[in-house]
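Here is the structure we will look at, set down as structure tokens.
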Amino acid sequence: MSTKANAQYMHDPGKSKTVFTRNVKIWDPLGSPHAFSVALYIKAVTHPRFLVYGGLTLLLFFATDPSNNRAYVEWWESALIWPVAFLMYMLFYATALTVQSLCTSVISSLRVPTPFLGFITLFPTVYVSEKVLLDYMSNGTFPDQLAGNYIFYFISVQVSEALFYRYIYPGLREELDAAQRPEGEAEVKHIIIGGERILLADVVTIEAREHHVHVTLTNSNLTLRARLSDVIAQTKPCEGVQT
């Protein structure tokens, strides 16, 4: 297919000006690629829809009490530890994304799996929650079960993040993008190719190459794993032609 090109590609992390607005590329737990900035991450995790999702997840952890901490602390202390741990994890995660953004300024193609980010950010969260907070709340009676609990929490977090990226993130991303447009400005159409969000007006041609597509843009080229039929399904007949 081909379209008229009259704009620049809006999804190139190298064109961002700051560490907080530069896009970082990730793979979610299901292997789908995404790209967003630290600033967008902060907006997403403070959005009411995400807070509801996170709150329900914390309620599930509190109800099941996987670490059995209610045997050593008061119920209200157990209820308090979960939002504190959640906040720590979000802060550590934002720090990891910031570090990745710094690295992306040097290696623009850098893409990191979220399980790796979760692995390095979850450990300090679990350590502070159990070895510091729960140990203090229980007057030193909370048992040392960091290793076993860490494995359980890591798997649980990956499942939670997979559900988030699969069912919550797409709609949330659209809403955040719409909120960033100036009032009265018409919506600019994008298409998703291999998880990359690309301005349709920037596309010159898209060629199918086995399991990948080669995208020619006005100022760059991309080769992404995707199906041409999935790309064409996002467009209207008036927006291009398939040769």
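The values are calculated or read from the model by the stated rules, or taken from the named source; none is laboratory data. Just so it is clear, the model here is predicted, and its values are computed rather than measured. For neighbour counting, all protein chains shown are included, and Cβ atoms are generated from backbone atoms with ideal geometry for every residue, glycine included. What goes into the accessible areas is simple: the full protein's heavy atoms, side chains included, and nothing from ligands, DNA or RNA. Shrake-Rupley method; radii C 1.70, N 1.55, O 1.52, S 1.80 Å.
Observations
- Of the residues screened, Asp177 is not one that is of a type in the set (Asp, Glu), assigned to a helix (DSSP H, G or I), without any contact (Cβ under 8 Å) to a residue 60 or more places away in the chain and open to solvent by 30 Å² or more (accessible area, probe 1.4 Å).
- Restricting the stretch 99-130 to residues that are outside any loop (DSSP other than H, G, I, E, B) and in contact with a Pro (Cβ under 7 Å, 6 or more places away or on another chain), the residue that is nearest to Asp28 (Cα to Cα): Thr114
- Single residue of Ala96, Ala63, Ala79 found to be over 24 Å from Asp177 (Cβ atoms), open to solvent by less than 50 Å² (accessible area, probe 1.4 Å), free of Cβ contacts under 8 Å to residues at least 40 places away in the same chain and outside any loop (DSSP other than H, G, I, E, B): Ala79
- Residue among Arg111, Arg49 that is surrounded by fewer than 16 Cβ atoms within 10 Å (Cβ to Cβ), within 22 Å of Ile198 (Cβ to Cβ) and at pLDDT below 95: Arg111
- Selected residue (criterion: nearest to the chain's Cα centre (by Cα)) from residues of the stretch 136-162 that are within 16 Å of Gly118 (Cα to Cα) and of a type in the set (Ser, Thr, Tyr): Ser160
- Residues that are without any contact (Cβ under 8 Å) to a residue 40 or more places away in the chain and open to solvent by less than 30 Å² (accessible area, probe 1.4 Å), drawn from the stretch 198-213: Val213
- Residue in the stretch 222-230 that is closer than 30 Å to Phe123 by Cα and surrounded by 12 or more Cβ atoms within 10 Å (Cβ to Cβ) present: no
- For the stretch 138-162, the set of residues classified as surrounded by fewer than 16 Cβ atoms within 10 Å (Cβ to Cβ), touching a residue at least 60 places away in the same chain (Cβ under 8 Å) and part of a helix (DSSP H, G or I) consists of Phe152, Val159, listed by residue number.
- Scanning the stretch 231-243 for residues that are of a type outside the set (A, V, I, L, M) and open to solvent by 40 Å² or more (accessible area, probe 1.4 Å) yields Gln234, Lys236, Pro237, Cys238, Glu239, Gln242, Thr243.
- Among residues that are closer than 21 Å to Trp27 by Cβ, open to solvent by less than 40 Å² (accessible area, probe 1.4 Å) and touching a Ser or Thr at 6+ places or on another chain (Cβ under 6 Å), Gly195 is included.
- Any hit, the stretch 198-214, residues being within 22 Å of the chain's Cα centre (by Cα) and modelled with pLDDT of 80 or more: yes
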